[in-house]
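The values are calculated or read from the model by the stated rules, or taken from the named source; none is laboratory data. Quick caveat: nothing in here was measured; it's all calculated off a predicted structure. Counting neighbours? That spans all protein chains shown, and the Cβs are built from the backbone with ideal geometry, glycine included. For accessibility, only protein heavy atoms count, side chains too; no ligands or nucleic acids. Shrake-Rupley method; radii C 1.70, N 1.55, O 1.52, S 1.80 Å.
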Amino acid sequence: MKARGIRPWLYLLPALVFLGIFMVYPLFDVMVYSVEEGYNSASQTYYGIGGYNYAYVLRDPYFLQALKNTFILVIITVPVSTGIALLISLGLHSIDRFKEFFQTVFFLPYVTNTLAVGLVFMILFKKTPYSDGFMNLLITAVGGTAVDFIDGPYWAKMFVMCFYTVWVVLPFKILILTSALASVDENLYKAARVDGTSRMRIFTRITLPMISPMIFYLVITGFIGAFKAYSDEVAIFGTDLNAAGMNTIVGYVYDMLYGDSGGFPSYAAAAALILFAIVLTITCINLLVRKKAVI
Amino acid sequence: MKIVLEHLTKRYPNLNRKIKEDVIAVNDFTFEIPDGQLIGLLGPSGCGKSTTLNMICGLEPPTSGRIWFGDDDVTNLPPENRGVGMVFQSYALYPHLTVRQNICFPLENLKGADRLTRAQMDEMALETARLVQIDELMDRKPSEMSGGQQQRVAIARALVKKPRVLLLDEPLSNLDARLRLQTREEIRRIQRETGITTVFVTHDQEEAMSISDMIVVMEAGVVNQIGKPQKVYDDPVNLFVAKFLGTPPINLFDAEIRGGRLYLGGDCVLQGADSVPDGPVVAGIRPEGFVPDENGPLVCGLMAVEVMGRDTSIVAEHPACGGQIRAIVDTEDIPPEGAQQVRFSLRPAKVHLFDRDTGERIRI
Ligand SMILES: Nc1ncnc2c1ncn2[C@@H]1O[C@H](COP(=O)(O)OP(=O)(O)OP(=O)(O)O)[C@@H](O)[C@H]1O
Ligand SMILES: [Mg+2]
């Protein structure tokens, strides 16, 4: 009896140790940092305990800019990428010839390095003394005026940012959704056809509910992923994101730690915990909505 | 509604691309289903039963041939305009909808003049649910019900639009033995009550025999025999039909006709086959065709006596029979304990002769 009590814990021990060292302890440590006021990493000293770090971060215009950027990114890219992925998956699902070929084509970007994709986006969007970039060629061809997407107005930069993010997350979503579509019982569609169900109704009343768990999964992971965005921004706008006005929360955390104006682990910790709270809240809301919804 | 199938044929391109030849799933199926009858479509796996049903339903267009419902040629009509209800083997209930929503689903598709109000729909759904006795379970989801209950929901959903034809594709194969028995009676009852022309697909001969007005025995896309179940059982047209119907199955012997007499090995078991030319034949003897008889002409080695419920069967062996012989006999005819041998005389009506090469029936 006794051995039975210990054994499961013994099996779990390696995982628990690693999780403890690399996840629980840092989380705890971050919390401690975030309340230590005036922490100095060289001398390992601080003045006192309190909410000053949070107050500072929440008043820092760079942080507010990063917060705004991140929210815009999340709110635009998650629905747009999920919607586009759904459309493409439906298309892929309905063709029968060369299906594998097209699936591979759509999945390829997933195995491509994001920095390489960033380079391609630079070529597409960047304005240099020699050329306006491919996108501007198109814009001028249809009679518009060229815009600098990388160093120009805020909305242009935000557009590139969202475009890039959607592009990068699309393959994974397509993969998940095509397999979700393929797993819907073919007989449900047959039954619906026998009953004369219109294609629109088949989609809204059968297909969507049947794949809704996967859509929820993609929305939640999409939210989390977009809130954690950072490397994609660097790939396009370079490392000085604050100057470009395109910083994100994770970017802000990084800058506070290691950036040119860095060396403030307490501010970084406070910002990280604010992000943590936001993601947690949104995920909880998502889960609640999901419980209320179908299935 | 009378259904007429005229030279119905379905070819599929071969899934194995290396083989150019098409798969002929159904070959030249011609049959007239009388109004209000229950037809059992019977055959081994892959013989084209589902394909036939899908063509009647309209889910698959036939490669050639025509389908008539009454006087209407429905060959080119889509399923929703044919007025058919279909029950699938896996039930195909919408898992995210309640029983009521499932049953109402076909009604909600009606448009224009046929459009129903919510109250009318609920009324019709409840009425149909009562017919299949699930009106207590209207707010459950399919996952919260037993297989038999799900089956009834599927039938209710197929019936709610008052179709002219009901099609059932192996509707009982997911149920356990007892529920199968019960549900097939239920299907029979519902069919009688509604008087709806019904086609019932199964590979279980007992199921087909027990509830059908007529059975159609198919093999590899070809219809072998159509008729009343008892008639097909008593008078099979070929070896395949004889083997396919009946549990325990018919016993087969390598036999020979010599001078109008039937020989099994050395035993002359029947006389009067004068119209049959001399030569080797296959003799099929139904289990109930054996009568234990001390002076009977068929001498077999006794292997076992099995009493199962009300049936008593004798398991025996004979040199002319490849496998075991299984005979169903009256209890008082059991051979004495310790006997090594059992002798039978045969009921001529239960003995069928078949051509050894083609399997066609040789009539005496
Ligand atoms: N879409 C298809 N493409 C190619 N061949 C097919 C297709 N559908 C069925 N077939 C072939 O047609 C034949 C008849 O199939 P069908 O599904 O009608 O058999 P069945 O009698 O219903 O068998 P089961 O009892 O296993 O359901 C089979 O040989 C099958 O392989
Ligand atoms: Mg089938």
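The residues packed around A:Gly50, meaning those with a beta-carbon under 14 Å from its beta-carbon, carry a net charge of -2 if Lys and Arg are +1 and Asp and Glu are -1.
Counting every Cα pair in chain A, what percent are over 31 Å apart? Percent of Cα pairs beyond 31 Å in chain A: 47.
The residues packed around B:Asp22, meaning those with a beta-carbon under 13 Å from its beta-carbon, carry a net charge of +3 if Lys and Arg are +1 and Asp and Glu are -1. Two numbers describe the Cα atoms of the protein assembly as shown: Rg and Dmax, which are 37.4, 121 Å. Within the straight-line cut-off of under 15 Å between alpha carbons, the aspartates and glutamates reachable from B:Lys161 are A:Asp195, B:Glu80, B:Glu108, B:Asp114, B:Asp122, B:Glu123, B:Glu127, sequence neighbours fewer than 8 places apart in one chain being disregarded.
Largest first, the extents of the alpha carbon coordinates of chain B on the three principal axes equal 76, 48, 40 Å. When its C-alpha radius of gyration is set against 2.2 N^0.38 Å (N residues), segment B:268-333 gives a value of 1.25. P(r) tail for segment B:56-116: Cα pairs beyond 17 Å make up 55% of the total. Between B:Ser143 and B:Glu360, full extension at 0.36 nm per residue minus the direct alpha carbon distance yields a gain of 73.3 nm.
Of the residues A:Phe149, B:Cys47, B:Ala339, the one whose Cα sits farthest towards the positive end of the charge dipole of the protein assembly as shown is A:Phe149 (charges of +1 on Lys and Arg Cβ, -1 on Asp and Glu Cβ, taken about the Cα centre). Note on B:Asp122: accessible area approximately 50 square angstrom, rounded to 10, probe 1.4 Å, nucleic acids and ligands left out. Rounded to the nearest 20 debye, the dipole size of chain A about its Cα centre is 1420 debye, using +1 on the Cβ of Lys and Arg and -1 on the Cβ of Asp and Glu.
Taking a straight line from the alpha carbon of A:Lys127, these lysines sit under 26 Å away, with near neighbours fewer than eight places off in the same chain left out: A:Lys68, A:Lys157. Our summary gives segment A:1-50 a relative contact order of 20 percent, counting only alpha carbon pairs under 8 angstrom and 6 or more residues apart.
The lysines within cross-link reach of A:Lys173, meaning a Cα-to-Cα straight distance under 18 Å and a gap of 8 or more places when in the same chain, are A:Lys99, A:Lys228.
Residues B:Arg189, B:Arg310, ordered by accessible area of protein heavy atoms at a 1.4 angstrom probe radius and largest first, appear as B:Arg310, B:Arg189. Counted as membrane-span-like here are DSSP H helices of chain A whose alpha-carbon atoms extend 27 Å or more along the helix's own axis and whose Kyte-Doolittle mean is 0.5 or above; these are A:61-94, A:154-182, A:208-227, A:265-292.
Between B:Asn14 and A:Phe134, the simple spin-label model (points 7 angstrom out along Cα→Cβ) gives 4.5 nm. In square nanometres and to one decimal, what's the mean projected area of the convex hull around the Cα atoms of segment B:22-105? The Cα convex hull of segment B:22-105, projected and averaged over all directions, gives 7.3 nm². Overall size of segment B:73-201 from C-alpha positions, given as principal axis extents largest first: 44, 35, 25 Å.
Shape verdict for segment B:175-214, please, from the Cα gyration tensor: rounded (a/c under 1.5), prolate (a/b greater than b/c) or oblate. Verdict is oblate for segment B:175-214. Between the alpha-carbon centres of segment A:3-30 and segment A:188-219 there is a gap of 43 Å. Reported value for segment A:199-295: 113 Å³ per residue, from the convex hull of its C-alpha atoms. The trypsin sites (Lys or Arg not before Pro) of segment B:31-125 that meet both conditions, a loop assignment by DSSP and at most 15 other Cβ atoms within 10 Å of the site Cβ, are B:Lys111, B:Arg115. Cross-linked pairs B:Lys243/B:Lys350; A:Lys190/B:Lys49; B:Lys10/B:Lys228; B:Lys111/B:Lys162; B:Lys228/B:Lys350: Cα-Cα separations exceed 24 Å for B:Lys10/B:Lys228. Helical content alone sets the calculated 222 nm signal of chain B at -7000 deg cm²/dmol, taking -39,500 (n - 2.57) per DSSP H segment of four or more residues and averaging over every residue. Place +1 on the Cβ of every Lys and Arg and -1 on the Cβ of every Asp and Glu in segment B:3-240, take the dipole about the Cα centre, and give the residue among B:Val4, B:Met145, B:Gly83 whose Cα lies farthest towards its positive end. Going by the charge dipole, the pick is B:Met145. The orientation-averaged shadow of the Cα convex hull for segment B:178-240, equal to a quarter of the hull surface, comes to 4.8 nm².
If R0 is 60 Å, the Cβ-Cβ spacing of A:Met31 and B:Thr63 corresponds to a FRET efficiency of close to 0.25. Using a probe of 1.4 Å on the protein chains alone, the accessible area found for A:Val24 is around 90 Å². log10 I(q)/I(0), Debye, Cα-only segment A:1-50, no solvent, q = 0.17, 0.20 Å⁻¹? The computed values of log10 I(q)/I(0) come out as -0.64, -0.73. Taking the square roots of 5 times each eigenvalue of the Cα gyration tensor of segment A:16-104, largest first, gives ellipsoid semi-axes of 46, 21, 9 Å.
Full extension of the segment from A:Met23 to A:Thr114, taken as 0.36 nm per residue of separation minus the current Cα-Cα distance, would add 30.2 nm. Comparing A:Val234, A:Tyr217, A:Tyr254 along the charge dipole axis of segment A:181-295, the residue lying farthest to the positive side is A:Tyr217, per the Cβ-charge model.
Each part gets one Cα centre, and for segment A:239-276 versus segment A:45-99 those centres are 16 Å apart. Each label point was placed 7 Å from the Cα along the Cα-to-Cβ direction; for A:Leu287 and A:Glu100 their separation is 4.0 nm.
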